[in-house]
Amino acid sequence: MVHSAVFIGLTSAVAEDEVAIAGSGLYLSGNIGGVSGVSGAAAAFQITLQLGLKQALEGTSGSAKVTRVTVTY
C-alpha cells in the first residue's frame, strides 16, 4: 500500500518522459531493500543459533561438531 502511494507521489514529481526511469528505480530499490533485510535477518538468526548451541551443549562430547554441522547446513 505504501509503495503505491510513493509511486503516485513520484510520478507527479517527475517529468512525463522520465516516469518509466523513476518507477524502475523505485521498484529496484524496494527489491534491493527486501533482499538486504532477509539476508540480515538470516545472518542474525544463524549467529544466535550458533551461540545458543555452544552454550546449551557446553561440556558435551562432540558439541563443536554438532554446532558446526548445524550452522553450516
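The values are calculated or read from the model by the stated rules, or taken from the named source; none is laboratory data. Source: prediction; values computed, not measured. Cβ coordinates were reconstructed from backbone atoms using ideal geometry, including for glycine residues, and neighbour counts include every protein chain displayed.
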### Query
How many residues are among the hydrophobic types (A, V, I, L, M, F, W, C) and farther than 14 Å from Ile8 by Cα when one looks only at the stretch 22-39?
4
#### Entry: Positions within the stretch 1-51 being in contact (Cβ under 8 Å) with a residue 24 or more places away in the chain and touching a Gly at 6+ places or on another chain (Cβ under 8 Å), in sequence order
His3
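Regarding the stretch 3-19, can at least one residue be identified that is polar (S, T, N, Q), within 24 Å of the chain's Cα centre (by Cα) and surrounded by 10 or more Cβ atoms within 10 Å (Cβ to Cβ)? Before the answer, list the steps.
Residues of the stretch 3-19 polar (S, T, N, Q): 4, 11-12.
Then drop every residue that is not within 24 Å of the chain's Cα centre (by Cα), which leaves 4.
Still in the list and also surrounded by 10 or more Cβ atoms within 10 Å (Cβ to Cβ): none.
No: zero hits.
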### Task
Within the stretch 60-73, identify whether any single residue is surrounded by 11 or more Cβ atoms within 10 Å (Cβ to Cβ), modelled with pLDDT of 90 or more and part of a helix (DSSP H, G or I), and answer yes or no.
no
## Note on the structure
Only one of Ser12, Ser39, Ser24, Ser29 is at pLDDT 90 or above, out of contact with any Cys (no Cβ under 6 Å at 6 or more places or on another chain), under 30 Å from Thr72 (Cβ atoms) and part of a helix (DSSP H, G or I), namely Ser39
